[in-house]
Amino acid sequence: MRATFKLLACTAVAILLSGCASLIADDVQELRVKLTCRNKPVTVSCTARNDTGSWRFISPGAVQVRTDASMLEISCKGQYVPEFTVSLPPLPSWEMAGNLLAGGIFGAALDAYNGTGLRYPENVDIKNPACE
């Protein structure tokens, strides 16, 4: 009986310290990126980059990136578009907010540290700087 209680207590502590988002959130996220000029989409070649890697894609379109606590830099260039870069900060996810309420500050801190509790904006609408 005493061993069962210790096992249950250890399991509960491990779950609380592991971070809810770490358990249920995926570390890959899909972003939809669209560059516009005078409200019309412009086709450009882009690269998304953070501390975990880089991913090439064509905008308008989607790209899958690994979530991280670092800024996501999106650099684009097209035939009539000079190269430019935008930066996206990682923001707390709903999973991380739920973990803060249910599991406390330790789990939320772990989620923030390993990046699983953070997400980038899903829709990235960029106005072409050359159109301004």
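Here, each number is a calculation from the coordinates, and none is a lab measurement. This one's a predicted model, so the numbers in the text were calculated from it and none came from an experiment. Note that we place each Cβ from the backbone using ideal geometry, even for glycine, and neighbour counts take in every protein chain shown.
Laid out as a table, the results:
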{"quantity": "Under Karplus coefficients 6.51, -1.76 and 1.60, residue-wise ³J(HN,Hα) of the range 54-69 in Hz, glycine/proline x", "calculated": "9, 9, 9, 7, 9, 10, x, x, 10, 9, 9, 10, 8, 6, 6, 7"}
{"quantity": "Amide H contacts under 5 Å for GLY61, placed H, 5+ residues apart", "calculated": "VAL33"}
{"quantity": "Theoretical gain in end-to-end length, CYS37 to ALA130 [0.36 nm per residue, Cα-Cα removed]", "calculated": "32.7 nm"}
{"quantity": "Two-site label geometry, THR47 and GLU122: point separation in nm, points 7 Å out along Cα→Cβ", "calculated": "2.9"}
